[in-house]
Structures are given as structure tokens and as C-alpha cells.
Amino acid sequence: MRLSDETLLDIMARFQAEMQKGLGKDTNPTASVKMLPTFVRAIPDGSENGEFLSLDLGGSKFRVLKVQVSEEGKRNVQMESQFYPTPNEIIRGNGTELFEYVADCLADFMRTKELMQKKLPLGLTFSFPCKQTKLEEGVLLSWTKKFKARGVQGTDVVSSLTNAMRKHKQDLDVDILALVNDTVGTMMTCAYDDPYCEVGVIIGTGTNACYMEDMSNIELVEGDEGRMCINTEWGAFGDDGALEDIRTEFDRELDLGSLNPGKQLFEKMISGLYLGELVRLILLKMAKAGLLFGGEKSSALHIKGKIETRHVAAMEKYKEGLANTREILTDLGLEASEADCVAVQHVCTVVSFRSANLCAAALAAILTRLRENKKLVRLRTTVGMDGTLYKIHPQYPKRLHKVVRKLVPNCDVRFLLSESGSTKGAAMVTAVASRVQAQRKQIDKVLALFRLTREQLVGVRDKMRVELEYGLKRDTHPLATVKMLPTYVCGMPDGTEKGKFLALDLGGTNFRVLLVKIRSGRRSVRMYNKIFAIPLEIMQGTGEEVNAGQGVPRSEVPACHPIQCRPGMTAALSLQLFDHIVQCIADFLDYMGLKGAQLPLGFTFSFPCRQASIDKGTLIEWTKGFKATDCEGEDVVDMLREAIKRRNEFDLDIVAVVNDTVGTMMTCGYEDRNCEVGLIAGTGSNMCYMEEMRNIELVEGDEGKMCINTEWGGFGDNGCLDDIRTQYDKEVDEGSLNPGKQRYEKMTSGMYLGEIVRQILIDLTKQGLLFRGQISERLRTRGIFETKFLSQIESDRLALLQVRRILQQLGLDSTCEDSIVVKEVCGAVSRRAAELYGAGLAAIVEKRREDQGFEHLKITVGVDGTLYKLHPHFSRILQETVKELAPRCDVTFMLSEDGSGKGAALITAVAKRLQQARRENVKREQKLRSIQPQDEEALIAREPCRKLFMLKC
Ligand code: BG6
Ligand code: BG6
Ligand code: GLC
Ligand code: GLC
């Protein structure tokens, strides 16, 4: 049992390797030293306060306590406690009864201390190996020491105790906020007095240690910043055979007779529960061999547990030790000579010294790890100590300290005895948990604002339905917020479309110029496109420089010409915008080798336009990120034509102007004739659908259908959504380019979701719940959360660390806890958006079902937009909501892979065909009636067919 320094260094090295094994994700399952994360992240900082209950179960004594942690700064802790017995029939009986007993003791304590009316948080010191995934949960891995209650292993002890407390519903109103191991409680107790304390060691009934490990080394827990306390459970060191060379026959015999053979082999060589027994087994062997007591063996020496650690401690006492030994041996019925007493004392010393040596070796390994983690040549640290063996054995502490210092000469270690047990520390952990819980409640309160009940969603659906009808009726249309704009698109492509077309796609995330080649018959479309940037100063007409991070920096914008204006005139911003567009077209034609080509053009213009025909569209007002002046109230086709004229380089035939929803519906309708709805969930939010002509009072005629661009983004602008709008929605609205407008869009679309998130984060930070209460400049920057970031943050596949990295990329210096909250906020905001979309869409499909008098409706919705395409959950939630709110509609969602440019080209193809047919008709009529050629245009304009643009003619 005597271990040389060399052996101790070897054991130390072995334990270092065990720790590494326990910390590794892949190696942990087979590691005997489990290195359990405790979710205790920091040592006390003195700001903890409040009144707490505490249970201390698993050491030699079971205690219930009330702990009062004083006001900030005073570092004053008052405790009242009561010990309760732990009879064997309870700790080795039925698990449920054990927890009921613990709850009974707690109830008794509350009664005695007159605490019945108080709701107090509770910290549970539970001194057994528990696997934790959070602070307030712990699954018992195995009983150790004297405990062996049935049915507890593999279950969460916090839930079991909570359940047991339900029996005392009237007396107990207690929330278990923290589960801590006794080593952790000890470390925290000592750290309250000495901030250098970062290790906790118990040498009592059992033995164990915990220490603060760098998060980056704990592979079992996400996150890499800061530290977390690891409960090593070093008692199990050697359970895989790693210590067989130093285990003796006495260790093996003791193990066989224990409650948990083969387990806790290191603990069985060290701790108080086993030390006396080891001495007994040695004495028995010596007596049997005739080396002691004149060869006599008393029957007492045969009894397991007859020699206890307190006897060993007494026998080793300085001065009185020998007398104590005699007395103890006499009590055991042994007649001991002077030499026997010295020999027995010697046995005790050897056994207890080995214990101290082994502890020292393992502790030295921990200290070395700490020093290496900190990359220090010399470590100054404090170890919090507790446990009866350490406390009552007269030589133990000195021996331990000496050996540790010998093994790690480059560590200055202070050993600090925890006078008040582990409870004070457990109360500190509970105090922090309680603060976290209070903060959590504040966060939940904010998130709850975004949780819509089914009733609320039904309400949204029904209100949307009312608004749709309003927009369609002649009388109510002027005041309608959902504008229900006729598009003059009256049918789906039929596959006969063909030709080469140019298309523009303006208003989504990207501005594109496209060349679309449609081949008839085969329904095959080839597209070539180029993305161009629109500088912010042109888009928003601010004329200001582009700020870093906002919009597209000038350097990234494809080379653009100086704006052409006549001498002495300043170009209006509308001119700037349309001249810029024409410049991009010129670039594109150049790039495609089509310079000078005269092609028909379809213009996807994703803003609300009042149309009087397919090729006329008066911009009602800008939405989303556009605000170029002098455009509202103007015909966008005219503006584009004029810009082309100004450039005077090529001629283009602008045949159609379409909204992106309409383009999307057409793109999808080319593949699926059931597609009668177009939905955009992107930068903006909008929907179009095929409506019965008889319902469209603004357009003459009752036959057939026409596509209506709902412009549902304006839903709620009359205040009808105010019951679900939050302060954050209002803030986003106020900071937008169009305050008071597009309220539904601002609650649902990509451009604004990030802004809502940002507003919530600012508020949570102001409340001290995020980013350490510091609102950074970056967080103040509008538009930092683009849809793509929101989508990335919410991806399930993303580990927390990656979320943190995204936030860091965005300039937000977040902790892992912050990242969790940010992810939750994003989730709440995007879920609400998807649900609101679902409610809106349900209104439309239900209307279509009812209008057609169908019991069930089968309909396809063509969808586009970055939010729908990139967000990991948006499409699913949207679809689920529609199903829930329009159960009689079977809605198929079809993603538009090709964008709305293809749809716009298809519309252009048909429009062009009709245009030519009509021109020929007019010419024929002209001949017949000999009308003057100059009246030709007027005649075409009056032609009623031109107004009722039918794709299927
Ligand atoms: C006490 C702590 O002081 O020491 C307990 O409060 C801990 O939490 C115990 O379990 C360990 O020592 P022993 O000797 O009682 O097992
Ligand atoms: C594109 C369409 O695919 O999606 C555009 O071609 C449309 O017309 C856009 O405006 C909508 O999505 P986002 O996310 O780019 O606004
Ligand atoms: C046992 C337990 C451990 C505890 C130690 C000291 O080893 O498994 O959790 O810390 O005893 O009480
Ligand atoms: C905005 C526009 C609308 C467009 C939608 C999607 O809501 O007003 O016309 O369809 O964004 O891009």
C-alpha cells in the first residue's frame, strides 16, 4: 500500500488521460471517469441575494436548510438547518418512498420554521453521479456509497422530488431550480469567500472532485466561451481496470462485499465509508497469520463495518493515538499488547496515507490541467475542501497538502475548508438560477406577444376575407386597404407561346434583366439573366452616399453611366431610376451580343400598380425599400419608354407590365394548370389569384376570370390588426420608408422580420437580458438581419456555436446564452409570419371554394420569395396553417424555380400575339372603312378586346 513518488506521478498521468477521455464526445461513453458537465458557469460574484431552501442529501448527514444570502456587496449568509436521519430501509428501499421521505422532511422543516406561506426556490445538493443537460435536471447514473433505492437509476431526480412534493401541495410551494453535486456546492461555498477557488474536493463518506473547465474542452456541451464546472466523479477511476496494478487483495475483498461491486474502485481505496473496513480486513489477515493479538481473533473483527473511519482517525491521533487504539481494540474484544497497538496504529497510517496519496495524485492532475488550460507557468489557485475524513482525521490534511505540493511544484495551492458544508454554495447556484429564471420569464413574456392562438388566426382569416370583398366592390374599393387590383391577365399559358423576349424583374431582392426563349409545343423555356444592383441613393431617392452595410456599395454596382440629362437640368430621381434600368438593359444586351436588337419586353414590376390594360401600370405608391421621387402616380411603362428614348440607342417594345405575384403564378401555371394563386414571401409579401369576372366590379364584363393582384401587404392599414400588433411592429413601422402603410407586410415579409427581431433584441438588451445589457452600434443599425441570416440562424442543423458565429459576423458579440435567445426570438417572429401568411391564404382559397360552390377545392399555389425558399420552417408552418384554417381546400404548393421573369415573358408572348392580331384586324377594318392612318392608334386604344386581355383567346 505504500506508493512511491514515481507511482504517484504515474497515477497522476493516468488520471490526466482519464479526464481527457471523459471530456471527449466520442470517448466519453466508454470512459470510467465521467467528467459530468454541471451547467454551473461561474463562481459567485457577490451579487447573489435572496432567500433559498436547500437539501443536502448523500453525505454522512441529511440536512434541510434555509439560506439567506444577504444584500449585494455585503457577502453575508445566514443559515438555519435541521438534520434528519436516513435509515437504511429508506435509502435502500423503494425510490418513490425515498423521495416522499425527503419531501416529508422538507415539509416538516417548513412547518417548524414557519415558512409555509413562502414560495422559495430550492437548491438540491445530491451527492451522486448525475447526468445533467441543464441545471434543474439530473439523471442518476448509479447509486454510490450507502444508497441503493430501487427505480431511481436512469431517472431524473428533480422530477421525482417534485412529484413527491405534490403530496404536500398545501404546505409546499417550492421550485427546484438547481441540482448540484456536493463537490460543486463545496467549491461554490469556498469561492464565495475566495474568488481564486476553482476546485472542490470531498473526502468524506465518498470522494470526488470538481473544477472549472474551459468550455472549449467540453465536447458534450455546445458553446466555447467561458468555463463550466465539471464534476469529475473521480471515485470511478479504475473501474475499467486502470488501477489493477495498485489494488491489493484487501481492496478486492472489500469491493466484493460492497453494495456496488466492481464500481467506484478509486473511492473504495480512499473514502471514509471504506477506510475502517480496509483496516479491519488487514488486521484480520494479520491476526489469522498470528502476527497480532497472540494469534487470537475476536469475533468482532469478523464483523463487516466494525472498524469505522472515526476509529482510524482516533487511533492516529497525535499523543492520544496509542491510548485510543488500546481502547478501540478492547471494545472489539481484543487483547492487544503494546506492540499490537503500535502495529495497528501503523496499519491505520499506511491505509490513510495511501488514501491521501491517491487523492493527491488525482488532485495534482486537475491542478496541472487548470494550469495548462490557462497557459500559465505557475498557477495560483484555491481548492475548496470538505468531507468528514478530511475534517476529522488528524494527519490527513497535512499529508494531502504536502504530497500535492510535491507533485505539482509549479502550483501555489491554498486549501480552504468549507466550514458550512456545501449548502452555501448550492444557495449561490440557486440564486443565479433564480435570477436566470426571472429573466427567462421576462423573455417569455416578450415572445408570448408573438404567439397567436387559433382564435386569433381565425380572426385574421375572417378579417382578410372582409377586406378582399371590400377591395372588389366598386363602392368600397376607394377606401379598401387591400387594393384588389385588376391585372388584365385572364388565363393561363396554354403551351402555344413562343419567341424571344426580354424581361425585367424589379422589386425583389435582386434586379434582373433576362432573355427568355420560349419554344412552343415542347413547353420548353431557356433563360439567360444577369443581376444588377440598384444603388440605394437611386432606390430611395436620398441622393446620399451609400453607408457601409446598407444596400450595395457603389463599387459593387455594375458600371453605370453618368445620368443623362439635358444641360441646365437636374435629373429627377424617377429619371435616375429608369435611366439606370435602361443602362442595365444596355449592358445586358451588350453582354448577350444582342446590341441593337428589337425585342418585346415584359416588365415584372413588384409594386402596386393600377392597370387599365396589360401594358399600362400607374404606380400607386412605393413599398418595401423603394422611394424614388416623382414616380408615384406615373405610368411605369411610359417612364421606361421615355428612358429608352432618352438613351436613343435601341428600341424595345414594352408589351406587358406584371406584378411579381402574377409572374410567379404564370411561371407555375405553365407547369400546372391548376395554379390559380401566386404568392410571394420574400422581401415583400403579396398574393394574386384568379377571380370570377362577375365579382370584379371595377372591370366591365361578367364572363371568365381575371387575375387580381390583392396587394394584401396593406391589410391592417385601417387598424384591423391592431389587436395583434406589438410595440415592436409599431417601432419597425415608424422606422420604415412608409410609416402607417403595409402593416401586414411589415409583420410577415423578409424585409421586416429581421427588423422586428432587431427591435426585440434592443428591448431585451435594454432590460439587461441580452448582450450584457450593452446595445452595440451594430445593433442600432437598421437592416442588419437580412432574411438569409434569419434563415441561417433558425436552421436546425446549426450548432449553437455556428449561430454565435453568424451573430459575430453581424458584429453582435454574443455569448452562447445570447445566441439561444436570439434564435428563439427569430423563431417566434418567423413563426408568426408564417401563420399570418397561412391565415391570409386560407381566406383566399376558402373564397375560391365558396365562389365556385364546391364542397372541396383542389388548387395549386405558385410560390416564390427568399423567405419561403430559404427559411427552414416557414413553408411548413404556412402550409400547416392553411390546412388548419381552410380544411376543405386541398392546397398544393408549387415553388417557382425560375422566378417571375419566365411568367412575365409568357404573358408578353401572348400579349404580343394578340397585339399583332388586333393590329391586323384594325388594318382590315381601316381598309374597309378607309379610316385615316393617324387614327389607327386611337382605334387600337379603344378596342375593347385590348382591355380584356385574354391569354386564352
Ligand atoms: C458536507 C456537505 O459538509 O460534507 C455535503 O454539506 C457533503 O454536501 C458532505 O456531501 C461530504 O462529507 P461526508 O463525510 O458527510 O460524506
Ligand atoms: C424572384 C422573382 O424569384 O422572387 C421576383 O423573380 C420576386 O419577381 C422575388 O419579386 C420575390 O422574392 P424576394 O425574396 O427576392 O423579394
Ligand atoms: C460519491 C458520489 C459523488 C460524491 C462523492 C462525495 O463519489 O458518487 O457524487 O460527490 O461521493 O460525496
Ligand atoms: C410588395 C409590393 C407588391 C409585391 C410584393 C412582393 O408588397 O407592394 O406589389 O408583390 O411586395 O414582392
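The values are calculated or read from the model by the stated rules, or taken from the named source; none is laboratory data. Nothing here was measured: the structure is a model prediction, and the numbers come from that model. Glycine also receives a Cβ, built like all others from the backbone with ideal geometry; neighbour counts cover every protein chain displayed. These accessible areas exclude ligands, DNA and RNA; they are computed on the full protein's heavy atoms, side chains included. Shrake-Rupley method; radii C 1.70, N 1.55, O 1.52, S 1.80 Å.
Among the residues of the range 179-233, those that are in contact with a Pro (Cβ under 7 Å, 6 or more places away or on another chain) and within 16 Å of ligand 3 (Cβ to nearest atom) comprise 188, 230, 233.
Looking at 230, 176, just one residue is under 30 Å from residue 278 (Cβ atoms) and more than 13 Å from ligand 1 (Cβ to nearest atom), and that residue is 230. For residue 69, state whether it is within 25 Å of residue 817 (Cβ to Cβ) and buried (at least 20 other Cβ atoms within 10 Å of the Cβ). In short, yes.
Contact annotation: no residue pair with Cβ atoms under 6 Å, 6 or more positions apart or on different chains, pairs a residue in the range 200-215 that is among the basic types (Lys, Arg) with a partner that is more than 10 Å from ligand 1 (Cβ to nearest atom) and assigned to a loop (DSSP other than H, G, I, E, B).
Just one residue in the set 866, 860 is open to solvent by 20 Å² or more (accessible area, probe 1.4 Å), in contact with a helix residue (DSSP H, G or I) (Cβ under 9 Å, 6 or more places away or on another chain) and in contact (Cβ under 8 Å) with a residue 24 or more places away in the chain; that residue is 866. Take residue 846 and decide whether it is buried (at least 19 other Cβ atoms within 10 Å of the Cβ) and touching a helix residue (DSSP H, G or I) at 6+ places or on another chain (Cβ under 8 Å). When the stated conditions are applied, residue 846 passes them.
Considering the range 758-799, and only residues there that are under 11 Å from residue 872 (Cα atoms) and among the basic types (Lys, Arg), the residue that is most open to solvent (accessible area, probe 1.4 Å) turns out to be 797. Pairs are defined by a Cβ separation below 6 Å, a sequence spacing of at least 6 or placement on different chains, a first member in the range 600-629 that is in contact (Cβ under 8 Å) with a residue 24 or more places away in the chain, and a second member that is more than 15 Å from ligand 4 (Cβ to nearest atom) and among the hydroxyl-bearing types (Ser, Thr, Tyr); the pairs so defined are 600/908; 602/908; 611/488; 613/488; 614/488; 628/574.
Just checking, does the range 429-443 include any residue being under 24 Å from residue 616 (Cα atoms), more than 16 Å from ligand 3 (Cβ to nearest atom) and not charged (D, E, K, R)? No, the conditions are met nowhere in the range 429-443.
The single condition among (1) more than 15 Å from ligand 1 (Cβ to nearest atom); (2) surrounded by 16 or more Cβ atoms within 10 Å (Cβ to Cβ) that residue 186 does not satisfy is (1).
Return yes or no: is residue 756 in the same structural domain as residue 840 (by the TED database), out of contact with any strand residue (DSSP E or B) (no Cβ under 9 Å at 6 or more places or on another chain) and in contact (Cβ under 8 Å) with a residue 60 or more places away in the chain? Answer is yes for this residue.
Yes or no, residue by residue, for (1) within 29 Å of the chain's Cα centre (by Cα); (2) within 21 Å of residue 435 (Cβ to Cβ):
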{"residue": "144", "(1), (2)": "no, no"}
{"residue": "158", "(1), (2)": "yes, yes"}
{"residue": "173", "(1), (2)": "no, yes"}
{"residue": "207", "(1), (2)": "no, no"}
{"residue": "213", "(1), (2)": "yes, no"}
{"residue": "240", "(1), (2)": "no, no"}
{"residue": "244", "(1), (2)": "no, no"}
{"residue": "250", "(1), (2)": "no, no"}
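Pairs meeting the criteria (first residue in the range 53-71 and at positive phi, second residue in a strand (DSSP E or B) and within 7 Å of ligand 1 (Cβ to nearest atom), beta carbons under 8 Å, at least 6 apart or on different chains) are 58/125.
Here residue 223 qualifies as on the phi > 0 side of the Ramachandran plot, assigned to a loop (DSSP other than H, G, I, E, B) and in contact (Cβ under 8 Å) with a residue 24 or more places away in the chain.
Does the range 157-166 contain at least one residue that is within 11 Å of ligand 3 (Cβ to nearest atom) and in contact (Cβ under 8 Å) with a residue 40 or more places away in the chain? Within the range 157-166, none of the residues are within 11 Å of ligand 3 (Cβ to nearest atom) and in contact (Cβ under 8 Å) with a residue 40 or more places away in the chain.
Could you go through the range 179-196 and let me know if any residue there is in contact with a His (Cβ under 9 Å, 6 or more places away or on another chain) and assigned to a strand (DSSP E or B). No, that holds for no residue. If the condition is being out of contact with any strand residue (DSSP E or B) (no Cβ under 9 Å at 6 or more places or on another chain) and closer than 20 Å to residue 61 by Cβ, then the range 370-400 contributes only 392.
Just so you know, in the range 100-117 the residues that are touching a helix residue (DSSP H, G or I) at 6+ places or on another chain (Cβ under 8 Å) and under 16 Å from residue 53 (Cα atoms) include one that is modelled with the lowest pLDDT, and it is 116.
If you go through the range 603-623 and keep only what is within 15 Å of ligand 2 (Cβ to nearest atom) and either at pLDDT below 95 or among the β-branched types (Val, Ile, Thr) (or both), you end up with 604, 623. Of the helices (runs of 4 or more DSSP H) lying entirely inside the range 287-402, those carrying at least 2 residues that are over 60 Å from the mean Cα position of the chain (by Cα), free of Cβ contacts under 8 Å to residues at least 60 places away in the same chain and surrounded by fewer than 20 Cβ atoms within 10 Å (Cβ to Cβ) are 321-331, 338-373.
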